[in-house]
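Heads up: the structure comes next, in structure tokens.
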Amino acid sequence: MIAVRVPAADRQQNSQVQELGFRLIDTNLQFLRPAGQFELESRRSRFSEPDDADGVESIASTELRENRFFRDPEIDTDQAKRLKGAWARNFFSGRRGDWMVVAQVQDQLAGFLQLLKGKSGVLVIDQIAVDTLFQRQGLARDMIAYAEKHCAAESGIQVGTQLGNTASIRLYESLGFRYVSADYIYHLHLGEEK
């Protein structure tokens, strides 16, 4: 599979990728918020440790269902779960991400936040998920606030989410993120008939 991201406003490039046989899979919305707006210090968030790898992978594979892999009819659900789990686990082998923050409730891993260094001092949220048992307890907010305080977020924090993921959009807007742009995500599965 080949994936391509094209700015939604670029009609010519969108037309070209479709002519090449790429199929529109998702619309990704980008949000940005200025740095320094959180005054929260959470005792439930911390940087990840190597022993968190299995728990992070498990949360990623079960909770990250609103994404292009699950929307692509050519990718079955089990494969999509494995892809998201591996994506998160890649942090622990140094292949994806610059920081990982985890949320812990008592002794149980409850969520994770995978982060990248962006351009011009912007901190990029790569993935964020909270275990179903701990959702709606403010853990996503806690992890984002922890990251802002302890990671390189001098110019702000950027995040992308899917147009259909209304819960994430509401969360980000409630935390002061503002919409900045949209991209279309296309997939091409090699060997498919066009």
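The values are calculated or read from the model by the stated rules, or taken from the named source; none is laboratory data. Computed from a predicted structure; not experimentally measured. A quick note on method: Cβ atoms are made from the backbone with ideal geometry, for glycine too, and the neighbour counts reach across all protein chains shown. These area figures cover heavy atoms from the full protein model, side chains too; ligands, DNA and RNA do not enter into them. Shrake-Rupley method; radii C 1.70, N 1.55, O 1.52, S 1.80 Å.
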**Fill in**
Condition set over 20 Å from Arg141 (Cα atoms) and either exposed (fewer than 14 other Cβ atoms within 10 Å of the Cβ) or of a type outside the set (Lys, Arg) (or both), scope the range 63-74, selection modelled with the highest pLDDT: answer is Glu74
**Prompt:** Filter the range 33-57 for residues that are at pLDDT 90 or above and polar (S, T, N, Q); which is surrounded by the most Cβ atoms within 10 Å (Cβ to Cβ)?
**Reply:** Ser45
**Message:** So Thr161 ticks every box in (1) at negative phi; (2) in a loop (DSSP other than H, G, I, E, B); (3) surrounded by 18 or more Cβ atoms within 10 Å (Cβ to Cβ) but one. Which box is left unticked?
**Reply:** (2)
**Asked** Which residues, taken from the range 139-153, are farther than 15 Å from Phe177 by Cα, open to solvent by 20 Å² or more (accessible area, probe 1.4 Å) and either touching a residue at least 60 places away in the same chain (Cβ under 8 Å) or under 17 Å from the mean Cα position of the chain (by Cα) (or both)?
**Response** Tyr146, Lys149, His150
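Are any residues in the range 76-94 assigned to a loop (DSSP other than H, G, I, E, B) and under 24 Å from Glu49 (Cβ atoms), and if so, which ones?
Result: Gly94, single match.
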**Item:** Positions within the range 165-176 being within 17 Å of Asp26 (Cβ to Cβ) and surrounded by fewer than 14 Cβ atoms within 10 Å (Cβ to Cβ), in sequence order
**Value:** Thr166, Ala167
**Asked** Which residues, counting only those in the range 8-26, are within 19 Å of Tyr179 (Cβ to Cβ) and surrounded by fewer than 13 Cβ atoms within 10 Å (Cβ to Cβ)?
**Response** Ala9
**Fill in**
Given (1) in contact with a Gly (Cβ under 6 Å, 6 or more places away or on another chain); (2) over 25 Å from Leu32 (Cα atoms); (3) not in a strand (DSSP E or B), Leu109 misses just (3)
**Message:** Which numbered condition in (1) open to solvent by 50 Å² or more (accessible area, probe 1.4 Å); (2) assigned to a strand (DSSP E or B) is the only one that Leu115 fails?
**Reply:** (1)
**Prompt:** Taking Tyr179, is it open to solvent by 50 Å² or more (accessible area, probe 1.4 Å) and assigned to a strand (DSSP E or B)?
**Reply:** yes
**Message:** So if I check each of Val56, Val6, which one is touching a helix residue (DSSP H, G or I) at 6+ places or on another chain (Cβ under 9 Å), closer than 20 Å to Phe112 by Cα and β-branched (Val, Ile, Thr)?
**Reply:** Val56
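Answer yes or no: is there a residue in the range 82-100 that is at pLDDT below 80, closer than 24 Å to Leu190 by Cβ, surrounded by 14 or more Cβ atoms within 10 Å (Cβ to Cβ) and among the hydrophobic types (A, V, I, L, M, F, W, C).
no
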**Prompt:** Going by the conditions given, is Asp107 more than 22 Å from Leu29 (Cα to Cα), open to solvent by 20 Å² or more (accessible area, probe 1.4 Å) and either in contact with a helix residue (DSSP H, G or I) (Cβ under 9 Å, 6 or more places away or on another chain) or of a type in the set (Asp, Glu) (or both)?
**Reply:** yes
**Asked** Can you tell me how many residues in the range 58-113 are touching a residue at least 60 places away in the same chain (Cβ under 8 Å) and either at positive phi or of a type in the set (Ser, Thr, Tyr) (or both)?
**Response** 1
